[in-house]
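Everything below concerns the one structure shown next.
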Amino acid sequence: MRSKTVAILETRTGEHLGELIERRGGIALLAPALEEVPDVDPGAVAALLESWRSEPFRVVIFQTGVGTRALFQATDALGSTGELLRLLAGGVVVVRGPKPTGELNARKVRIDLRAASPFTTETVLSAMAGIDLDRAPVLVQRYGAANQRLCEALQARGATVREIATYRWALPKNTQPLKDLLDALDAARVDAVVFTSAVQIHNLYAVAEAEGRADTLASRLNGLVVASIGPVCSRALAAHGVTPTFEASPPKLGPLVEGLDRVLSA
């Protein structure tokens, strides 16, 4: 990928991803597309624990590392982490991927079921296929937005679903890097764009809409190498008329960068 310009919309690990690309000779163009805003209501967490005592959750699903960490930080502040750990010990703990697994391991939480790669809603549901969910209370740690597909699938199996929000996704306060990316796309100064979450494409389109440039965005992207971290991200791209050039397998930064290098070097 020597001398190729690669746009990166990732926020939290964007600089690290940029370093990986530059080590291979690429030029990283950072355009963070989202901000993770803490959204933990201590009152809601306290109420959750209170209701949990009287009506224990049969299943608890942890979807993200940052959300799992935020929940424990909230109970730390309330002095209720010991109680949370006791309550978790009484149910089936399900994790979506390696990041929530790491957070739970740090708290010595027993993990009963793990979603298989590529860590999608479908693999979470597949991991839970053997659990009787008829009239079962299920707690879902929400990520930056409600996972409607997961909740509906659980409800269809008879579960009563409750979500706990710990953070939400928003546009970055400074959207100028995204506007600069749109300029670079219009000027054909970008060779590849990397998407590491579905919300990145939604937010890029939101900025393009505000700038009056949404109509041409899909054609601009489809003329480049578009790298997707996994199937959830690929579905979001397809919903906007964008076809990923390739999808990382497994859905991790290493295979993503290797795929970029292979395609851009061809």
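Read the figures in this text as sums done on the coordinates, not as results from a lab. Predicted model only: the values in this text are computed from it and were never measured. Note: ideal-geometry Cβ built from the backbone for every residue, glycine included; neighbour counts use all protein chains shown.
Bridgeable lysines around K179 (alpha carbons under 25 Å apart, same-chain partners fewer than 8 residues away excluded): K4.
Computed packing ranks the peptides 241-253, 90-102 as 90-102, 241-253, most packed first, by mean other Cβ atoms within 10 Å. Taking every C-alpha pair closer than 8 Å and separated by at least 6 residues, the mean separation divided by the residue count of the chain gives a relative contact order of 21 percent. Averaging the sequence gap over all C-alpha pairs within less than 8 Å and six or more residues apart, then dividing by the number of residues, gives segment 123-210 a relative contact order of 26 percent.
Relative to the longest principal axis of the Cα atoms of the chain, the long axis of helix 176-186 lies at roughly 50 degrees.
Annotation: amide H-H contacts under 5 Å for V92 (H modelled 1.01 Å from N, sequence separation of 5 or more, or interchain): V59, V60.
Taking the Cα centre as origin and putting +1 on Lys and Arg beta-carbons and -1 on Asp and Glu beta-carbons, what dipole magnitude results for the chain, to the nearest 20 debye?
Values: 29 positive and 29 negative charges, 123 e Å.
The calculation lands at about 580 debye.
With a Förster radius of 30 Å applied to the C-beta separation of E83 and S126, the computed FRET efficiency comes to 0.45.
For the chain, the alpha-carbon coordinates run over 61, 35, 34 Å along the three principal axes, in decreasing order.
I'd like the distance separating the alpha-carbon centroids of segment 212-266 and segment 63-122, in whole Å. Their Cα centres are 30 Å away from one another. The residues neighbouring V190, those whose beta-carbon lies less than 15 Å from its own, together hold a net charge of +1 under the Lys/Arg +1, Asp/Glu -1 convention. Take the alpha carbon gyration tensor of segment 37-169, find the square roots of its eigenvalues, order them as a ≥ b ≥ c, and report rounded if a/c is under 1.5; if not, report prolate when a/b exceeds b/c, else oblate. Judged from the Cα gyration tensor, segment 37-169 comes out rounded (a/c under 1.5). Summing +1 for each Lys or Arg and -1 for each Asp or Glu among the other residues whose beta-carbon sits under 14 angstrom from that of L88 gives +3.
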